[in-house]
Amino acid sequence: MINLGIIGTNWITEQFIRATDETKTFSLKHVFSRTEAKANKFIKDLSKKDIQVSTDLDEFFSSSDFEAVYIASPNGLHFQQAKLALEHGKNVIVEKPSTSTVREFTILDDLAHKNGLFLFEAARQIHEPIFKKIQHYVENNRDELSGATLSYMKYSSRYDAYKAGELPNIFNPKFSGGALYDLGVYTVYDAVVLFGQPDSVNYVPEILDSGIDGSGSLTLKYPKFDVNIIVGKTKNSYMTSEIYFNRKTLLMDSGGDITHVKLADDDKNITTLPTSKSDNPMDSEASEFARIINENDQETYEKLLKYARIVNRILEQARTSAGLVFGADEEK
């Protein structure tokens, strides 16, 4: 097992640690948190013992008790924390989106290669068997591929606080928040892995008073078809995501957390495609990241990095087309 440090003590970090326990891939050794009390509560809730706690980043990264770090802090903090990790010789798993700008991603990419380390963007769904099933169908029917509509809209648990006058990180440009960089990144990963790099990108958002996008419509133009993406954190959507193959349509219950896939023909015959999905959606990525590190699988690693480069470029192009500005844009 690979010794692991973590930054962030939220629900997604807990889910990742439970995934590493279930898959026996990483072993938690060190927790960084702004407060010792939050770190200790996190450790207790996981029924862990003998876990080191740090409230200082330099002290945390200088520790020799872990060789990989999982970063699940607010988006706007990812770059500096991942950069520090790579400079201290740690492999990095950073929650999507890994950075706020292409410039930041390029710096991390170069630094990881220079130091012989791994830099993973944790886009969990592309590693799941259910997504692999979709990918396999697309590959085998690419000649008939004629477009897609992907939807991922969930009312944020922090939106009521925002409406009450607070400024949660997820609705704050300083922390690179908003619908596109939170839920939209899942759907952009879908498009990049399944269809490749688009020719052009256009994003039309609903901009909140904070200057961030609460929801929006993203169009990715490919040579022979378009992919239309709908994302949002200020409302719920229950519409099916679809991939079109002329007379047939692949139906997914979500553009992000995919749990069911069906195939429909023009006679409205609908067939459920047999798939498997773990109770913990992070099991597959934990297993894959550990395998790549242990086997030094550079071929697969470079493929994942290529996806991440394209996704980060699309995200930046999309928000630039919409005039969305992050705090990271002002940093040089």
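The values are calculated or read from the model by the stated rules, or taken from the named source; none is laboratory data. Just so you know, these numbers come straight off a predicted model, no measurement behind them. Note that each Cβ is placed from the backbone with ideal geometry, even for glycine, and that neighbours are counted across all protein chains shown. Quick note on the areas: whole protein, heavy atoms, side chains included, nothing else; ligands and nucleic acids left out. Shrake-Rupley method; radii C 1.70, N 1.55, O 1.52, S 1.80 Å.
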Helices (runs of 4 or more DSSP H) enclosed by segment 124-213 - at least 2 residues per element that are crowded, with 17+ Cβ neighbours inside 10 Å and among the small types (Gly, Ala, Ser): none
Residue among PHE79, PHE120 that alone is under 24 Å from GLU299 (Cβ atoms), touching a residue at least 40 places away in the same chain (Cβ under 8 Å) and either crowded, with 20+ Cβ neighbours inside 10 Å or not basic (Lys, Arg) (or both): PHE120
Condition met for ASP257 (at pLDDT below 95, under 17 Å from the mean Cα position of the chain (by Cα) and open to solvent by 10 Å² or more (accessible area, probe 1.4 Å)): yes
Failed item, numbered, when ASP266 is tested on (1) assigned to a loop (DSSP other than H, G, I, E, B); (2) within 25 Å of TYR181 (Cβ to Cβ); (3) touching a strand residue (DSSP E or B) at 6+ places or on another chain (Cβ under 8 Å): (2)
Residue list for segment 82-110, filter: surrounded by fewer than 22 Cβ atoms within 10 Å (Cβ to Cβ) and assigned to a helix (DSSP H, G or I): LYS83, LEU84, GLU87, VAL102, ARG103, THR106, ILE107, ASP109, ASP110
Residue list for segment 99-112, filter: within 19 Å of PHE61 (Cα to Cα) and out of contact with any Leu (no Cβ under 7 Å at 6 or more places or on another chain): ILE107
Filter pass, LEU305 being in contact with a strand residue (DSSP E or B) (Cβ under 8 Å, 6 or more places away or on another chain), surrounded by 15 or more Cβ atoms within 10 Å (Cβ to Cβ), farther than 29 Å from ALA68 by Cβ and touching a residue at least 60 places away in the same chain (Cβ under 8 Å): no
Search result, residues across segment 217-233 that are open to solvent by 10 Å² or more (accessible area, probe 1.4 Å) and in a strand (DSSP E or B): SER217, THR219, LYS221, ASP226, ASN228, ILE230
Flag if LYS114 is more than 14 Å from the chain's Cα centre (by Cα), modelled with pLDDT of 95 or more and within 25 Å of LEU28 (Cβ to Cβ): no
Residues of segment 272-281 that turn out to be surrounded by 11 or more Cβ atoms within 10 Å (Cβ to Cβ) and within 15 Å of TYR137 (Cβ to Cβ), as a count: 2
Flag for ILE314 being outside any strand (DSSP E or B), at pLDDT 95 or above and open to solvent by less than 20 Å² (accessible area, probe 1.4 Å): yes
